[in-house]
Amino acid sequence: MAGVKLFIDGRAVEVPSGATLLEAVRAAGLALPALCHDDRLSTVASCRTCLVDVNGRGLAAACSTPAEDGLRIDVEASREVRRAALQAIVAGLPPRALDIPADRSELVRQCAEYGVAAPSGVVLPPERGVDHSHPYVKLDRDLCIACGRCVRACAEIQGTFALTLVGRGAGTVVAPGTGGPWAESDCVSCGACVDTCPTGALSEPGLLNLLPLERQTLTTCGYCGVGCSLEVSTRGNTIMTVKPAGDGSVNRGHACVKGRFAHGFLGSADRLTTPLIRRNGTLTPATWTEAVGFVAARLGSIRDGQPDGFALISSARATNEENYLAQKFARTVMGTNNVDNCSRLCHAPSAAGLAATFGLGGGTNPFDDLERCDAVLLVGANPTAAHPVVGSRIFQRVMDGARLVVVDPRRTSLARYADVHLRPRPGTNVAVFNGLAHVLVREGLVDTAFLDLHTTGYEELFGLLEDYPPERVAAISGVPADDLVQAALLYGQALAPAIFYGLGVTEHLHGTDGVRTLSNLALLRGAVGPGAGGGVNPLRGQNNVQGASDMGALPDLLPGYQKVLDPAARARCAGTWRVDVPPLPGLRIPQMFDAARAGSLQALWVIGEDVLTTDPDSTAVRAALEACPLVICNDLFLSATAAAADVVFPVAAWLEKDGTFVNFDRRFQRVRQAVEPPAGVRTDFAVLHAVAGRMGADLGCATPAEAMAECAAVAPLFGGISHPRLDREGPLHWPCGSADSAGTPRLYQERFATPDGLAHLAARNYLPPGEQCDAEFPFLLITGRRGEHYNSGSMTRRTGNLRLSADETVDIEPGDAAALGLNDGDPVRLGSRHGTAVLQARITDEVEPGQVFAGFHFPGASVNSLTSRVEDEVTGCPEYKLTAVRLSRS
Ligand code: SF4
């Protein structure tokens, strides 16, 4: 793009065409106040604090005036005008507006720069009052200057449209669009309004006090797999605020209610600080020496007698280094491959399906490729709730003109902005994906040159697709044939389409087939790898579920996805570990529970998972824990699983430890300790070392940095990853095989990673789901996530988020609710073939008639007592998205 040359205070500068005078002034190394301006938002040019003189002829708002060749901008000469504009703003505010610490108020900083003071003499400030109804957003109306940044941030960054400006003239002030208190508005508590407010009119509790912030720590969010970069400000050992980091991060200065605000659990009164050992049926406090000694002695005798009598469930909440150490403990200290992680319950079909199709088990493209996509196919995911920053960025892209197809039984937030919304009956994905592929072929939207060069298996696929005309797919899935055609045309005609998908694809009896048949679309269209387009991208769930698998916390795969069955891979690990690696794959999580119930599992160590709350058919899980002679649990709190354990180790949370996470687009990011854990609490890393040491084993890698270095040595995929490098250069995408490699944000640019270098199209027929409705169980229950809580809710339920979402609810379609005589908030009894639960009714048209939706964030609600043990035939991932239930008023 051609540049523009102009003069700022006599100095020549060049800026890109389309830049504003404000950008030109900054390019000249100068600064201007711009109180109504935020670079991320549309421009309104209302505050007049950025006025500059143009060509000596007049004043212009720098934020909204385009830079043009030859303009002469006099910044210094117009300083007094800007000072007057600031003074006029301050005159309408109470003097306390300038008492706020400068690091928390843009207005205060600019007033200090321009020598503007609070008006002297009698001041009659407006008295418009406060709204402190919300746990995280405080509104002081008298500090509002009506710049509208909050309103635009809510709409343009978050996509929620919860705020508006009300009143006239000097009385204009921000307010929730719904009119009532903030807490009852549509606000999703992302904090974008607070972050952009230049005056402190919007703030978070405690932030405007006069205490200085002492330390900033850049770390990675420990909630979802988006992996937002967060800057944690502390004073002493107390977190004062958590703000989203900006440039270069996946979140680009945005975050959600969890990462931004939900850290209060750290100081929760029921935090575990002492190990517990079950004695005479009761968990009683023990010293670390006792607890470690007890576990080491029991595990030692299992190792010496029946190593495969031990199993370990590692944690998607823990760091990579802790997961690396956990799998190393299982393999080298205990001598078993019985190690797994909760990706088994969510994206194991992604790893299997993507690896079978493309060669590697991760998403194909960096999330930033969204910016170059002109169409998004979003399938089985509600990122607005489960991956909020991804949801916001997809929303922004759609507002910028990208087309959107949503495939989801529920009317999700993003479905409201979709060009086409397909609502298939749960369990019919494969038919829908085959139907979309049928239309691509029929309409000539297949990239045959790409297929010839880069794929195999298309003759077989083309033959199978003949059986999936839209009319047949409509009969199977309930998706109208015309909508299916429209969706296929939209994806097929886009120049650079991208696929994002979630657990609505994977958590099915045929979840791996779902991933593979969805991936077919990208291959048919040539929109992945060497082709244009945004590829195929699973939205991984928990913060480090990608990393837990990457580190080899899997029964059949060693670090870096090396197969246990591969002698060379075993030898590579054994060479470093100095212990032979067991040659056969171990047990998956459901098989661990089966083994426990069958009496063959002697000890189960569960690190950072509440399997009694999150795993399906919790009645059967409880039976497994009861049958297992020794259950060890690491947790922050006495979760349902910890309460059922024999030994509980109190461990540190993500804000209290050091290491790395891998986010959903394969990005290694540093996790840094912002605060010390409570006295008595240790990291999972330290606990594993302590038990191994008492068993006479040395796990090596004394620090997380050393663990990452060792992992890089045994796993070629991560050979170039190290803590020093991440600290120096920032995030790195794997594969990153050497210190010379810059990482690989975009996979398969030359060839796919399969042995033959080709992507493998999959001809898979639709097969019915495992659970079926009948007269006794006529409703379909879908489970998923709510925006305010995470997973078992053990962290978010101990924060202000509980005020935003206090109970587990079940979404019921209005017609169904009327037929059942249910009103909002009524208790509803759900019964399935596996269990019962009582939830509060939430009546909404987000669900289809005959379908209901519930989260699983409240252990007491026992939602997973309803779900079945039906699992993906390839990977063992549960069929969470589909349970036949009956409903009645409780
Ligand atoms: Fe970002 Fe996810 Fe954390 Fe929210 S929970 S701040 S979207 S990483």
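Annotations
- Residues (farther than 22 Å from Ser792 by Cα and among the polar types (S, T, N, Q)) located in segment 543-598: Gln562, Thr576
- Residue tally, condition assigned to a loop (DSSP other than H, G, I, E, B), among the aliphatic types (A, V, I, L, M) and open to solvent by less than 10 Å² (accessible area, probe 1.4 Å), over segment 782-821: 0
- Checked against (1) β-branched (Val, Ile, Thr); (2) closer than 16 Å to Thr799 by Cβ; (3) surrounded by fewer than 23 Cβ atoms within 10 Å (Cβ to Cβ); (4) within 16 Å of the ligand (Cβ to nearest atom), Val188 meets all criteria but (3).
- Pair list, Cβ < 6 Å and 6+ apart or interchain, from segment 683-694 residues that are of a type in the set (Ser, Thr, Tyr) to residues that are open to solvent by less than 40 Å² (accessible area, probe 1.4 Å): Thr683/Ala652; Thr683/Lys657
- Some residue of segment 383-402 being away from the ligand (no atom under 16 Å from the Cβ), open to solvent by less than 30 Å² (accessible area, probe 1.4 Å) and not aliphatic (A, V, I, L, M): no
- Those helices (runs of 4 or more DSSP H) lying entirely in segment 489-590 with at least 2 residues surrounded by fewer than 24 Cβ atoms within 10 Å (Cβ to Cβ) and free of Cβ contacts under 8 Å to residues at least 12 places away in the same chain: 567-577
- Scanning segment 368-379 for any residue that is within 15 Å of the ligand (Cβ to nearest atom) and either within 24 Å of Thr428 (Cβ to Cβ) or surrounded by 24 or more Cβ atoms within 10 Å (Cβ to Cβ) (or both) turns up nothing.
- When residues in segment 260-275 are screened for being among the basic types (Lys, Arg) and more than 16 Å from the ligand (Cβ to nearest atom), 1 of them pass.
- Just one of the listed residues (Ala674, Ala705) is open to solvent by 20 Å² or more (accessible area, probe 1.4 Å) and touching a helix residue (DSSP H, G or I) at 6+ places or on another chain (Cβ under 7 Å), and it is Ala705.
- Boolean, Thr234 is in contact with a Phe, Trp or Tyr (Cβ under 9 Å, 6 or more places away or on another chain) and in contact (Cβ under 8 Å) with a residue 12 or more places away in the chain: no
- Selection count, segment 199-250, where residues are at pLDDT below 90 and in contact with a helix residue (DSSP H, G or I) (Cβ under 7 Å, 6 or more places away or on another chain): 3
- Among the residues making up segment 768-781, those that are within 20 Å of Ile812 (Cβ to Cβ) and surrounded by fewer than 22 Cβ atoms within 10 Å (Cβ to Cβ) are Cys773, Asp774, Ala775, Glu776, Phe777, Pro778.
A quick yes/no check of all residues on (1) out of contact with any Phe, Trp or Tyr (no Cβ under 6 Å at 6 or more places or on another chain); (2) touching a residue at least 24 places away in the same chain (Cβ under 8 Å); (3) within 18 Å of Val257 (Cβ to Cβ):
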position	(1), (2), (3)
Ala155	no, no, yes
Gly159	no, yes, yes
Ala162	yes, yes, yes
Leu165	yes, no, no
Arg168	yes, no, no
Val173	yes, yes, no
Asp186	yes, yes, yes
Gly191	yes, yes, yes
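- Here Thr289 does not fit the description of being surrounded by fewer than 20 Cβ atoms within 10 Å (Cβ to Cβ) and assigned to a strand (DSSP E or B).
- Within segment 205-223, tally of residues that are within 16 Å of the ligand (Cβ to nearest atom) and surrounded by fewer than 22 Cβ atoms within 10 Å (Cβ to Cβ): 2
- Residue satisfying condition, being buried (at least 23 other Cβ atoms within 10 Å of the Cβ), more than 14 Å from the chain's Cα centre (by Cα) and within 11 Å of the ligand (Cβ to nearest atom), within set Val226, Val242, Val257, Val250: Val242
- Residues of segment 400-416 that are of a type outside the set (Gly, Ala, Ser), within 23 Å of Glu156 (Cβ to Cβ) and not in a loop (DSSP other than H, G, I, E, B): Arg403, Leu404, Val405, Val406, Leu414, Arg416.
- Residue check: Arg40 meets all listed conditions (1) farther than 27 Å from Cys154 by Cβ; (2) of a type in the set (Lys, Arg); (3) within 39 Å of the chain's Cα centre (by Cα) but one, namely (1).
- Strands (runs of 3 or more DSSP E) (entirely within segment 2-70) containing at least 2 residues that are small (Gly, Ala, Ser): 58-61
- Scanning segment 591-620 for residues that are more than 13 Å from Ala311 (Cβ to Cβ) and in contact (Cβ under 8 Å) with a residue 40 or more places away in the chain returns Gly608, Asp610, Leu612, Thr613, Thr614, Asp615, Pro616, Asp617, Ser618, Thr619, Ala620.
- The set of residues from segment 442-468 being touching a Lys or Arg at 6+ places or on another chain (Cβ under 8 Å) and part of a loop (DSSP other than H, G, I, E, B) comprises Leu445, Val446, Asp447.
The values are calculated or read from the model by the stated rules, or taken from the named source; none is laboratory data. What you are looking at is a predicted structure, and each value in this text was computed from that prediction instead of being measured. Counting neighbours? That spans all protein chains shown, and the Cβs are built from the backbone with ideal geometry, glycine included. Surface areas here come from the heavy atoms of the whole protein model, side chains and all, with no ligands, DNA or RNA. Shrake-Rupley method; radii C 1.70, N 1.55, O 1.52, S 1.80 Å.
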